[in-house]
1. Assess whether P238 counts as being touching a strand residue (DSSP E or B) at 6+ places or on another chain (Cβ under 9 Å), part of a helix (DSSP H, G or I) and at pLDDT 75 or above.
2. Go through (1) open to solvent by 10 Å² or more (accessible area, probe 1.4 Å); (2) assigned to a helix (DSSP H, G or I); (3) modelled with pLDDT under 75; (4) of a type outside the set (G, A, S) and name the single condition I213 misses.
3. For the list (1) among the aliphatic types (A, V, I, L, M); (2) crowded, with 22+ Cβ neighbours inside 10 Å; (3) at pLDDT below 75, I need the number of the one condition that A248 fails.
4. Need at least 3 residues that are at pLDDT 70 or above per element, so show me which helices (runs of 4 or more DSSP H) inside region 1-67 make the cut, counting only ones lying wholly within it.
5. Has region 76-86 got at least one residue that is open to solvent by less than 70 Å² (accessible area, probe 1.4 Å), out of contact with any Ser or Thr (no Cβ under 9 Å at 6 or more places or on another chain), on the phi < 0 side of the Ramachandran plot and in a helix (DSSP H, G or I)?
6. Starting from region 113-133, keep only residues that are surrounded by 13 or more Cβ atoms within 10 Å (Cβ to Cβ), then list their pairs with residues that are of a type outside the set (V, I, T) and not in a helix (DSSP H, G or I) whose Cβ atoms are within a distance under 8 Å, requiring at least 6 positions of separation or different chains.
7. Picking from G148, G92, which residue would you name as being surrounded by 16 or more Cβ atoms within 10 Å (Cβ to Cβ) and part of a helix (DSSP H, G or I)?
8. Regarding G117, is this residue out of contact with any His (no Cβ under 6 Å at 6 or more places or on another chain), farther than 27 Å from L291 by Cβ, part of a loop (DSSP other than H, G, I, E, B) and of a type outside the set (D, E)?
Amino acid sequence: MLSFLGKRLLATLPVILVVAIAVFMIVRLTPGDPAAIIGGNSATNEDLDRIRAQLGLTQPLWTQFATWAGHVLQGDLGFSFFLNKPVVALIGQRIEPTLSLAIGTLVLAVAIALPLGTLAAWRMGGWLDKAVMAFSVAGFSVPVFVIGYVLIYVLAMKLQWFPVQGYRRIGEGVGPWARQLVLPCLTLAVTYVALLARVTRAAVSEALTEDYIRTARAKGMGERTVLSHHALRNAAVPVVTVIGVSAALLLGGVVVTETVYAIPGLGQLTVDAVLNRDFPVLQGVVLFFALIYVGVNLLVDVSYLFLDPRIRY
């Protein structure tokens, strides 16, 4: 187990390095001058040159990258150009809303999608199977912001069941915190329910055609036992893979939802950093998302050891 984890961790180092270089270069080469945004319309050329020098933007790119990478290795992601705060502190302030939204969405999606996909495979060709497939196509086709605005109009404005926008921290009470997250989680969950239900249906339906399923039925096992103890266990690997990828993508894919619902999370912080050309914040947030993505994929790899005895480390 330890050797397996060691090999996986070593394999992630080149990925992190490539991500760091790519993020740094893309951010630096995109149009826009943070000095002009900081200085405003009244800034002279001398003022802009002074601001660029203070921000370190007059140095060669390789020097800027080496300086930034050295600080990152020490746990320092730099200071925001505009907020004048450490990027680590900004991420710490914004991580709770994003994690709450991502975890709530994932729990909701798994709780709905796994039973739907399993029942659709069990009753393949029936009305439930057709309904699940139709929902999967619709869930992939409709943009997230459209789903968000429809839910706001129906559930918040017409029925007035939930607040329209904003976020309440969990420290203010679990009830207000959960109520504020219902609409954003529903908005994001639609796409992931469609994805997970479709993958679950395909994995379970394939497992139900295997020889060991026919053997179990021949021994007189009930359909529920066959489904729960044999088919679901052997269909778990692709399903867990998609759940892991979905969990990682959720953290990086909350930008639109947080913007629609005015949630002060990492997605909104990323949008503000892009608009203000706040290089340190943008680099730090993207690198943080990359680390989360690598960590989740590492957990998925480890889970294979317990789900499939044929996998060796």
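1. no
2. If we test I213 against (1) open to solvent by 10 Å² or more (accessible area, probe 1.4 Å); (2) assigned to a helix (DSSP H, G or I); (3) modelled with pLDDT under 75; (4) of a type outside the set (G, A, S), just (1) comes out false.
3. A248 satisfies every listed condition except (2).
4. It comes to 2-29, 45-55.
5. No, region 76-86 contains no residue that is open to solvent by less than 70 Å² (accessible area, probe 1.4 Å), out of contact with any Ser or Thr (no Cβ under 9 Å at 6 or more places or on another chain), on the phi < 0 side of the Ramachandran plot and in a helix (DSSP H, G or I).
6. A121/L208; W122/L208; D129/R123
7. Matching residue, one of G148, G92: G148.
8. no
The values are calculated or read from the model by the stated rules, or taken from the named source; none is laboratory data. These figures come from a predicted structure and were not determined experimentally. All Cβ positions, glycine included, derive from the backbone under ideal geometry; neighbour counts span all protein chains shown. Side chains included, ligands, DNA and RNA excluded: accessible areas come from the protein's heavy atoms. Shrake-Rupley method; radii C 1.70, N 1.55, O 1.52, S 1.80 Å.
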